[in-house]
1. Within the stretch B:159-184, count every residue that is within 29 Å of the chain's Cα centre (by Cα) and of a type in the set (Asp, Glu).
2. Check whether at least one residue in the stretch C:184-192 is in contact with a helix residue (DSSP H, G or I) (Cβ under 6 Å, 6 or more places away or on another chain) and acidic (Asp, Glu), and report yes or no.
3. For the stretch A:84-131, give me each residue that is more than 21 Å from A:Glu67 (Cα to Cα), outside any helix (DSSP H, G or I) and polar (S, T, N, Q).
4. Could you check the stretch C:122-135 and list, in sequence order, the residues that are in a helix (DSSP H, G or I) and more than 7 Å from every other protein chain (Cβ to nearest Cβ)?
5. Helices (runs of 4 or more DSSP H) wholly in the stretch A:166-262 with at least 2 residues that are at pLDDT 95 or above - which ones?
6. How many of the residues in the stretch B:83-128 are open to solvent by 20 Å² or more (accessible area, probe 1.4 Å), within 21 Å of C:Ser13 (Cβ to Cβ), more than 7 Å from chain C (Cβ to nearest Cβ) and assigned to a helix (DSSP H, G or I)?
7. Take the stretch A:346-376 and flag every residue that is of a type outside the set (Ser, Thr, Tyr), part of a helix (DSSP H, G or I) and closer than 30 Å to A:Thr151 by Cβ.
8. Tell me, which helices (runs of 4 or more DSSP H) lie completely within the stretch C:1-83 with 2 or more residues that are away from chain B (no Cβ under 12 Å) and in contact (Cβ under 8 Å) with a residue 24 or more places away in the chain?
Amino acid sequence: MKRVLILAIVVLLAGATVSAETTLEWWQFWTDPAVKPVIDSIVTEFESAHPDINVNVTDLTWSNGHEKIVIGFASGRGPDVVELGSDWIAQFAASGQIADLTDDLGADTAGFQGWDMATYEGAIYARPWILGTRVVFLNRDHLTLAGFDTTWLPVSFAQFYDAIHRIDSAGRSQGIYGWGSNTAEKHRLYKKFLPFFWSYGAQIFTDDREYCVLSSLMAVEALKQYKKLHDLYGYVDSQRGIEDAFLNGNVGVILSGDWLLKRIELEDRDINLASTLFPGPQYPGRSFKGGEFLAISEMSDHREEALTFIEFVTSPENQLRFCKANRSANPSSLTAQQDAYFQDNIHLQTFIKQIQFAKHPPVDPDWVYIEDEIEQAVEDALFGDGLPATALLKAQQQISEIMEQ
Amino acid sequence: MVRSRSIVGSIVHYVVLVAILAVMVGPLVWMARVALLDKTATLSPDSLLSTAVTLQNFIDLFTQSGMARYMFNSLFVAVAVTVGNIIFCVMVGWVLARHRSWFTRLLFVSVVIVLMIPVHIVIIPLYLICLKGGIYDTYWALILPFLINPIGIFLARQYIETIPPSMEEAARVDGASEARILFTIVMPMAKPAIAVLGVLAFITNWNSFLFPFILTSSESMRTLPVALAMLQGHQAIDWQHLMAGSTLAVLPVLALFFIMQRQIVSGVTAGGIKQ
Amino acid sequence: MTSRRLSRFLFASPWVLSFVIFWAFPLLYSLWMGFTDYRLLSRSGPEWVGFDNYVALFSDSDFLNSLKNTFIFVIGTIPVTTVIALALALLVNREFKGRGIFRSAYFLPWVTSMVVVALIFTNLFQRGGYIALLAQMVGLDVPTHGFLYDSSTALYSIMAMDVWMAVGYYMLIFLAGLKAIPDELYEAAEISGASSLRQFFTITLPLLRPVALFILVINSIKSFQVFVEIFVMTKGKFDTSTVVYFIYETGLQTQFKFGYASAAAYVLFVIIGLFSLLQFTVIRRRQPLW
């Protein structure tokens, strides 16, 4: 009994001293030695600007961060502030684990891009931080070898396919492939297919979200063309493998993100690089976009402090610092995008332009399952014996079933 | 069945043996070759013939990734489980070997049942037990469920049954406590069995992937096999480093294999290592 | 005497605890979960749904496909592994110089971590990798993107790797069985003029029957649960998903459907049980099988 009493007193005392100071738990994914120092110094600066708030940073990894967040929320030992990938927002919003921030952030949307990805059923659940998209990278030397002008870039699918075809026919004897095609890697393959899908005008759902229209004529056409590139000109490997091959001069054209620029810079790669927007039947087409967002736990007792913190982290200046360290091309802050750092680099400009012509997957709590079905359809058509039309039809039926549940 | 054979016959015999040897050991040789290759070298089958050797990949693993931590985790968990297995399996095996009652019969049945149960059935419940019990993502989750295992009990019981109980009885007459008898008489006598079950426990847990993978989520809790499997899914890793990490995972087992081959073989033929 | 009794219970208690907490309870727990809708992500707790999960499983093409692949894996690897293991055992059973070296070398893959083996073979199976080179040398068709990036070869490649890894282990068990056959039997056969082939079929094989049973049972229990190599090498892509991979994916990866995954685990549990029973009854029969 005595012990319990002492314990109670200790707990009370501890509570009393802590109440003056708030500790925010922040879970985030940036562990790369290039960016981690920036994250740390942003946190330190925040703490010195707000002496009554402590921030405790927990690092997550991409391989199992999602799992940790799910468990954290489920067990009630979750974070106050959490970094979420755009495709996870709907899932956590629908299950009530992240807070509706519409009233807190709604007035503040003008200076930032990416709100569409954080909006679920009309309410805003997270603040955009760093966005990302995919652009077309080409090896200029291969283009020249294939007989193109030194400044020529494809502006339509017809020209895009022609470039790949000509690079491939000019170079295959020397081991140069026209197109880097992804193998069936989870979470990666569909991101490569969707730009084709969207650019041909296909949609996953009807606008009112009532029906899945995955196997429309446009969609079938997109998959046929994608398969054709894969079959005829494809150097097929993991994303990493394709990028290696591209950087080693074995692949002429790939679709990739800003991390490729980072690799080229950090590894000091010698490549005659050209970049351009993803084409469509006309210019431009629609690429894939996603991003990193900051959300607040519904269970957090420190919502005000968390909001202040989120605002601090995503401020234009801090985004700029982050992007420079990580070589990220798409800060969500429009002010940051105006900085000379982005304006002076032709490839970063491609990314900044591309994100205006990019779509993201529907904000849907069942997206993980839907994504799986789409990926399965592409896999069947590319690597199995499925025809594009039947593979898409099968996925459409599966997705319709998921929607009914 | 010793039989005289012609010289031609035995040459053919050796040729076949060596060919199979190449197939069985070749992949491990390739692993070591790639591990010692410079990271900028392009991999091709010809790399096998290259004589260039560098330890840089290993150095990188320790300086640029958490390799030291992964190895420590693997070692710590494997050693803890091995020690637990030695103490507990002999303890239970002794009870089973020396007594016949409804209780020990029931125990023995439970041991046999667990030997037959496919482990996949406990993946989800064990995950939830660890999660709700608050040991998920801690060393406890990697150690507690494996501290005692049916194969070890089985081996200990079988061995102790072959030892006459006269020493134990003499000690009992002298007034020694049961615990004292266990630790000062049974354990030393059961050394051969302990060597077998200990080395099996160590290798099994050092190599184990499924449960360490499922029961942890932090990078700092990863064991070597989990870390290797995760590194492979990661974007920025090349074969040279991956194979260097693999070599680190194989070396301790290889060393044990050469030192304790007899024990490993006898344990394994009795139904040992569950991969 | 009572203290002896007490100590007996005390010494047995680690196993009793371990059995109850880590085996008996989980077994019942997952049986129960299989009849509920239980997901980590939903805010309501588990909800009793009767046989719904089981009904859903058998119309879930992903599950059926993983079941199909699991059967291909088991039925494809076990005979090959067993026959090669027996051949190896006969090969090293004779007396000759260096026998121990060969025996250990053949067994070496088994003590290597499955993750490591899977990583090595992922490399070997790549396009332009060692196995592609060897296949080309003997005139086989090589898939353009590598063995693991092709639905028609991925699963079989993993199966081949598993055979490579396991033969040494089953060879050892066969060796133990061969050692147990008394030499007199062969001597008697020799005197009556039986050829060595005849000796093999009339003495060796029949007497190895219990060993073969043991091998078949443990190998099939193990093979039905194939997971690690799938996880490391293909992540279930290219038509390689197996039941345990399915359990992992639905139960623990992104979806956290514990109820559904537990039901799938029980389906496999029953299949393994029936399969083992079948092997027992078939092999126990007295008629020659071979």
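The values are calculated or read from the model by the stated rules, or taken from the named source; none is laboratory data. It should be emphasised that the depicted structure is a prediction, and the values quoted were computed from it without experimental measurement. We place every Cβ from the backbone using ideal geometry, glycine too, and count neighbours over all the protein chains shown. Side chains included, ligands, DNA and RNA excluded: accessible areas come from the protein's heavy atoms. Shrake-Rupley method; radii C 1.70, N 1.55, O 1.52, S 1.80 Å.
1. 1
2. no
3. Within the stretch A:84-131, A:Thr109, A:Gln113, A:Thr119 meet the criteria.
4. Result: C:Thr122, C:Ile131, C:Ala132, C:Leu134, C:Ala135.
5. Details: elements: A:189-199, A:217-228, A:239-247.
Per the criteria, A:189-199, A:217-228.
6. Step one: filter the stretch B:83-128 for residues open to solvent by 20 Å² or more (accessible area, probe 1.4 Å), giving B:83, B:86-88, B:91, B:98-103, B:105-106, B:108-109, B:112-113, B:115-116, B:119.
If we keep only those that are within 21 Å of C:Ser13 (Cβ to Cβ) as well, we get B:83, B:86-88, B:91, B:98-103, B:105-106, B:108-109, B:112-113, B:115.
Right, trim to more than 7 Å from chain C (Cβ to nearest Cβ) and you get B:83, B:86-87, B:98, B:100-103, B:105-106, B:108-109, B:112-113, B:115.
Then drop every residue that is not assigned to a helix (DSSP H, G or I), which leaves B:83, B:86-87, B:98, B:102-103, B:105-106, B:108-109, B:112-113, B:115.
Selection size over the stretch B:83-128: 13.
7. Of the stretch A:346-376, the ones of a type outside the set (Ser, Thr, Tyr) are A:346-349, A:351-368, A:370-376.
Within this subset, residues satisfying the condition of being part of a helix (DSSP H, G or I) are A:346-349, A:351-357, A:367-368, A:370-376.
A:Ile346, A:His347, A:Leu348, A:Gln349, A:Phe351, A:Ile352, A:Lys353, A:Gln354, A:Ile355, A:Gln356, A:Phe357 - these are the residues of the stretch A:346-376 that are of a type outside the set (Ser, Thr, Tyr), part of a helix (DSSP H, G or I) and closer than 30 Å to A:Thr151 by Cβ.
8. Values: elements: C:2-19, C:25-33, C:52-57.
Hits in the stretch C:1-83: C:52-57.
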